[in-house]
Amino acid sequence: MTRVGVLALQGDVREHQAMLESLDVEVVRVKRPHDLDDLQGIVFPGGESTAMAHLLKSSELREPLSELIVSGFPVLGTCAGLILLSNEILDGRADQWSFGALDVAVRRNGYGRQIASFEVSVEVSGVGEYEAVFIRAPRIERVAASTTVLATLDREGDHPVLVRQGNLWGCSFHPELTSDTRIHDAFIQSF
Ligand code: GLN
């Protein structure tokens, strides 16, 4: 059985867990380094990237996760989780760190704050039409040549909203907040 972690320090952990379990995946809530044992991949949920960054340090998960990411461990980062993976954060807090693994620049709250939360249909490569939920979403403003853009949204210009770079997937919307499991499924099928 596929065994996947959900980083469970803060954010919408339960929704990701439910979606993965509906795909017959065994889910481990990751709160401590030993929770990473024998996982095939991990999801970084949406929530508050500054809070998660802080908790990653205090839980001592930052180092082992860094090493796993570099070694090719699959990670799906959604919303705040995308911010944690990115190698450049615009409008971040001055002391905000990230794993710097996914070669993209993201602007925190790039589509506006709470008021700018919205739902829109996007075309996802290999998946099809997908109803995407954006909540204080980061906006991807630069991608490296090595990053594959799987979906874009045309809103004040074209911006990628789902990208993949090898083992790393970054999603600016919330695939766990719909009943559509296709993005989680594509992630799992990539192992
Ligand atoms: N704006 C949040 C942050 O910077 C992300 C929002 C979300 O995950 N829904 O962390």
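The values are calculated or read from the model by the stated rules, or taken from the named source; none is laboratory data. Quick caveat, the model's predicted, so the values are computed rather than measured. Methodologically, a virtual Cβ is constructed for each residue, glycine included, from the backbone with ideal geometry; neighbour enumeration extends over all protein chains shown. What goes into the accessible areas is simple: the full protein's heavy atoms, side chains included, and nothing from ligands, DNA or RNA. Shrake-Rupley method; radii C 1.70, N 1.55, O 1.52, S 1.80 Å.
Of everything in the stretch 60-79, what is over 16 Å from Ala8 (Cβ atoms) and surrounded by fewer than 17 Cβ atoms within 10 Å (Cβ to Cβ)? Give them in sequence order. Passing the criteria: Glu63, Ser66, Glu67, Val70, Ser71, Gly72.
Do you know which residues across the stretch 98-120 are open to solvent by 50 Å² or more (accessible area, probe 1.4 Å) and either free of Cβ contacts under 8 Å to residues at least 24 places away in the same chain or aliphatic (A, V, I, L, M) (or both)? Residues satisfying the conditions are Arg113, Gln114, Ile115, Glu119. Asp12 falls short on exactly one of the conditions (1) within 20 Å of Leu168 (Cβ to Cβ); (2) in contact with a Ser or Thr (Cβ under 8 Å, 6 or more places away or on another chain); (3) among the acidic types (Asp, Glu), and that condition is (2). The set of residues from the stretch 75-92 being touching a helix residue (DSSP H, G or I) at 6+ places or on another chain (Cβ under 7 Å) and more than 9 Å from the ligand (Cβ to nearest atom) comprises Val75, Leu76, Gly77. Residues in the stretch 141-180 that are β-branched (Val, Ile, Thr), surrounded by 16 or more Cβ atoms within 10 Å (Cβ to Cβ) and free of Cβ contacts under 8 Å to residues at least 40 places away in the same chain: Val149, Thr152, Val161.
In the condition set (1) at pLDDT 95 or above; (2) at positive phi, Gly112 is compliant with all but (1).
Does Arg139 qualify as being touching a Lys or Arg at 6+ places or on another chain (Cβ under 8 Å) and either within 16 Å of the ligand (Cβ to nearest atom) or under 19 Å from Gly46 (Cβ atoms) (or both)? Spelling it out, Arg139 is indeed touching a Lys or Arg at 6+ places or on another chain (Cβ under 8 Å) and either within 16 Å of the ligand (Cβ to nearest atom) or under 19 Å from Gly46 (Cβ atoms) (or both).
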